[in-house]
Each structure stands twice: as C-alpha cells, then as structure tokens.
Amino acid sequence: MELKNAVRQKYGEAALRVSTGGSSCCGAASGVAGCADPITSNLYNSGQASQIPQEAVLASLGCGNPTALAAINAGETVLDLGSGGGIDVLLSAKRVGPTGKAYGLDMTDEMLALARENQRKAGIDNVEFLKGEIENIPLPDNSVDVVISNCVINLSGDKDKILQEAFRVLKPGGRFAVSDVVVRGDVPDEVRRSMELWVGCIAGALRDYDYVAKLAKAGFDSIDIEPTRVYNVDDARQFLVGEGIDADAVAPQVQDKFISAFIRAVKPITKECCGPACCS
Ligand SMILES: C[S@@+](CC[C@H](N)C(=O)[O-])C[C@H]1O[C@@H](n2cnc3c(N)ncnc32)[C@H](O)[C@@H]1O
C-alpha cells in the first residue's frame, strides 16, 4: 500500500505539472530545456508526436514506444496498462481506426484527468480511460486483442497478478506487447531498497529471466525480450544522483545492467475439445 501511494503521489504530481504548463521532465519532449532523463527522453519520432496533442507528448513517462513495435490492426481492441497522460492510447486509437477501440487504465486521478483532456483535444472518439489498478483489470475475460504498457509493470509489487490479469483479458491468440525496464544480472541491495528508485521505474525492475518465467507461469507462450536501450555508467549516475546513494561508487556496479526492453508474448489458442478422438 505504501508503495502504491508513493507511486500515485509521484505520478499525480507529474500530471499536475503538465496540466499547469510544465513538462513531466522529461517525457518524450526532447526539446524541453533541462530535460535529459536517459530513460524517458526521445522515445517518439516527429511523425508520431505530430498526430497527438503536445500535452500528451509532454506527459510521456514511458521507457519505450510499444505502439511502434507492436502489431496493431484495424478493428482491434487495445488496452494500455498504466496509461498516464494517454500518449500510447491515442496512438493506438489511430492504429485501430473507427472500428476498433483503445482503453487506457490508470489508478491516478490527475493522470486520468490529463488523459481525458488530451483525448478531447485530439478529437478521438474510439478511446476510453478507465480508473482502476492493473492488478485487477476492470474488463471481461477474452475481450482484448493487444495489451500494451509503457514503464508501469516495474512499478508494481505484484507482477504475477498483473500478468495473470493481462492473460485473462486477452482473447486466445492475443498479444502482450510491453515496454519495461528490465535488469540483467545482480544489482546492489541499496539500489533495490530505494523507494525513490522504485517509483522512478528502476528498483522494481524484474530480472530478464524472471520476466520470462512469470509470463510462462501466467500461461503465455512465444515469449521474447528485445533490448531497446542499455543504460551506461553516465545514465546510471543520472538516476542514482539525489537518491541518497553514493552515485560515484554504485554507478559502475550497475553499468549496462538496467535496460529498457520490448517484451512480447502470446496467449495460446487452445483447441476446443470436441470428442475423444480430436483432443489427443
Ligand atoms: C511511468 S508512468 C507511465 C505512463 C504512460 N504509460 C507513459 O508511457 O507515459 C506510470 C503510470 O502508471 C500508473 N500506475 C502505476 N502503477 C499502477 C497500478 N498498479 N495500477 C494502475 N495504474 C498504475 C501511474 O499512475 C502512472 O500514470
């Protein structure tokens, strides 16, 4: 609960900064002065950014660009777990077109208000922002074609529950297509224990092999983890500094261990049992 409240407070404040004309520092707003967050900056190209309101781009706090990497087809239903200011939901809505639908799910009221305002500015109808927790998705079983998410699963203390829920709402054959921070190898305990680094998407990151094992346990197959950014010692120093951690000592120990990755998996299509002969 303490963790969830800290996450809600941090991202509520970020939403308010954008709503009052600031940036989420740094979001995907590559041109914003003073913003050089190695995780969240420069994720979207100008072709994508020009399709949606500037406020949605400024509110971006992801660590990847799932809609650029995921297969999303006209007429499909997409669900974004932890949709924030709505950037990936609005881009998905454009991809699925008027016969499809894009849902965003977020627990933070300020983010939901910002996302709905961004939807209004974009003039996009086939979008719905839902309030709720990604550990208890408020959608029926087998109702979604693609589950996307951008730097949110690493914030949760119950990753197994999220993956079970993603599996439940996906249709058979549905795709899990998520950007997340992932760890390769061991990282110092002081990094793992830091609440600030947890709410900043670092300390709660899963090891790559644990991610694969948890997805398999939830029932997924065709699991793949593709690195999209590898954080070097200078990047590490940036996210450690100011967190009460000796950045100079710890940064070299985490060099190249934190990565942003695109994680894919598929909910298998199970054959209906039609009689003793066809199920063997
Ligand atoms: C790092 S931001 C990412 C936002 C968005 N995906 C993006 O790319 O800009 C995390 C978002 O996830 C939401 N969030 C975090 N944990 C959540 C949970 N357990 N349930 C629902 N929303 C959550 C936060 O409120 C916040 O809006």
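According to the square roots a ≥ b ≥ c of the eigenvalues of the Cα gyration tensor, what is the shape class of segment 43-109, taking rounded for a/c under 1.5, prolate for a/b larger than b/c otherwise, and oblate for the remainder? Present the calculation step by step, with values, prior to reporting the outcome.
Working: a/c = 1.62, a/b = 1.18, b/c = 1.38.
Oblate.
Which links in Lys10/Lys171; Lys121/Lys214; Lys4/Lys267; Lys217/Lys257; Lys101/Lys257 stretch past 30 Å when you go from one Cα to the other?
Lys10/Lys171; Lys121/Lys214; Lys101/Lys257
How many Å² of accessible area per residue for segment 193-280, probe 1.4 Å?
53
Can you find, among Ser260, Cys274, Ala218, the residue farthest towards the positive end of the dipole of the chain? Put +1 on the C-beta of Lys and Arg, -1 on that of Asp and Glu.
Result: Cys274, furthest along the dipole toward the positive end.
Provide the gained length on full extension for the span Cys274 to Lys121, in nm with one decimal, where the gain is 0.36 nm per separating residue minus the Cα-Cα distance.
Between Cys274 and Lys121, full extension yields an extra 50.0 nm.
Pairs of Cα atoms under 8 Å, at least six residues apart: use those to get the relative contact order of the chain, whole percent.
16
Which residue fluctuates most in the GNM of the chain (Cα springs below 10 Å): Glu110, Glu243, Glu196?
Glu243
So what is the diffusion coefficient of segment 195-252 in µm² per second by Stokes-Einstein at 25 °C and 0.890 mPa s, using a Kirkwood Rh over Cα pairs?
Working: Rh = 13.4 Å.
Once the numbers are plugged in, D ends up at 184 µm²/s.
Calculate, for segment 65-127, the solvent-accessible area per residue in square angstrom, rolling a 1.4 angstrom probe over the heavy atoms of the protein chains.
Solvent-accessible surface per residue comes out at 35 Å².
Could you give log10 I(q)/I(0) at q = 0.14, 0.22 Å⁻¹ for segment 141-227, computed by the Debye formula over C-alpha point scatterers of equal weight, without solvent?
-0.49, -1.09
Over the chain, what percent of the accessible surface lies on carbon and sulfur atoms, probe 1.4 Å?
The value for the chain is 50 percent carbon and sulfur by accessible area.
Just need log10 I(q)/I(0) for segment 127-280 at q = 0.09, 0.13, 0.18 Å⁻¹, Debye formula, equal scatterers on the alpha-carbon atoms, no solvent, rounded to two decimals.
Here the Debye-derived log intensity ratios amount to -0.35, -0.65, -1.04.
If amide H atoms are built 1.01 Å from N in the plane of the peptide, which residues on other chains or at least 5 residues away come under 5 Å of the amide H of Arg207?
The answer is Val183.
The values are calculated or read from the model by the stated rules, or taken from the named source; none is laboratory data. Keep in mind it's a predicted model, so treat the numbers as computed, not measured. A quick note on method: Cβ atoms are made from the backbone with ideal geometry, for glycine too, and the neighbour counts reach across all protein chains shown. SASA here: full protein model, heavy atoms, side chains in, ligands and nucleic acids out. Shrake-Rupley method; radii C 1.70, N 1.55, O 1.52, S 1.80 Å.
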